[in-house]
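**Student:** Handing you a structure now.
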Amino acid sequence: MDCDYAVLGNKDNFTTFQYKDYVIRFRAPYSLEKYTDVKEWDNGYLVVMAKYRHNKESEEEYIDLVPILEKLYIRPEIFLKPIKEVKLENA
């Protein structure tokens, strides 16, 4: 089965981005409780809403996966191309 979406989540102070067999983890802010919405996906650039302990309301945040992938020696232009959508874990 071909999968054209990735999954964004967080656990133990890490953000997770999962696509097929790849799970990419990177440090998240210490006060992040959860991601509440994915507002935009643009070929490696995410605009998300995130809920933090210090605020009652979710805040808009930005995640750029390109430099993260490059540091992992993953070619962003190849890895990101088939991803059409990003969904939230447990949503």
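The values are calculated or read from the model by the stated rules, or taken from the named source; none is laboratory data. Just so it is clear, the structure is predicted and the values come from calculations on it, not from any experiment. FYI the Cβ positions are ideal-geometry reconstructions off the backbone, even for glycines, and counts take in every protein chain you see.
**Student:** Just for the stretch 24-40: of the residues that are modelled with pLDDT of 95 or more and of a type in the set (S, T, Y), which one is farthest from F14 (Cα to Cα)?
**Tutor:** Step by step, filter the stretch 24-40, then rank; the result is T36.
**Student:** For R75, all conditions in the list (1) in contact with a helix residue (DSSP H, G or I) (Cβ under 7 Å, 6 or more places away or on another chain); (2) more than 16 Å from N90 (Cα to Cα); (3) not polar (S, T, N, Q) hold save one; what is the number of the exception?
**Tutor:** Result: R75 passes all but (1).
**Student:** Ok, one more. Scan the stretch 57-73 and tell me whether some residue there is among the aliphatic types (A, V, I, L, M), modelled with pLDDT of 95 or more and assigned to a strand (DSSP E or B).
**Tutor:** yes
**Student:** Which of the residues belonging to the stretch 1-52 are surrounded by 13 or more Cβ atoms within 10 Å (Cβ to Cβ), out of contact with any helix residue (DSSP H, G or I) (no Cβ under 8 Å at 6 or more places or on another chain), hydrophobic (A, V, I, L, M, F, W, C) and in a strand (DSSP E or B)?
**Tutor:** Of everything in the stretch 1-52, those that are surrounded by 13 or more Cβ atoms within 10 Å (Cβ to Cβ), out of contact with any helix residue (DSSP H, G or I) (no Cβ under 8 Å at 6 or more places or on another chain), hydrophobic (A, V, I, L, M, F, W, C) and in a strand (DSSP E or B) turn out to be A6, V7, L8, F14, L32, V38, W41, V47, V48, M49, A50.
**Student:** Let me ask you something else. Name the pairs whose Cβ atoms lie under 8 Å apart, with the first residue in the stretch 35-52 and on the phi > 0 side of the Ramachandran plot, the second surrounded by fewer than 18 Cβ atoms within 10 Å (Cβ to Cβ) and assigned to a strand (DSSP E or B), and 6 or more positions between them or separate chains?
**Tutor:** Sorted first by the residue in the stretch 35-52, then by its partner, the pairs are G44/D64.
**Student:** When you look at Y45, is it modelled with pLDDT of 95 or more and among the hydroxyl-bearing types (S, T, Y), yes or no?
**Tutor:** yes
**Student:** If you go through the stretch 7-22 one residue at a time, do you hit one that is farther than 17 Å from I68 by Cβ, in contact with a Lys or Arg (Cβ under 6 Å, 6 or more places away or on another chain) and without any contact (Cβ under 8 Å) to a residue 24 or more places away in the chain?
**Tutor:** No - not one qualifying residue is present in the stretch 7-22.
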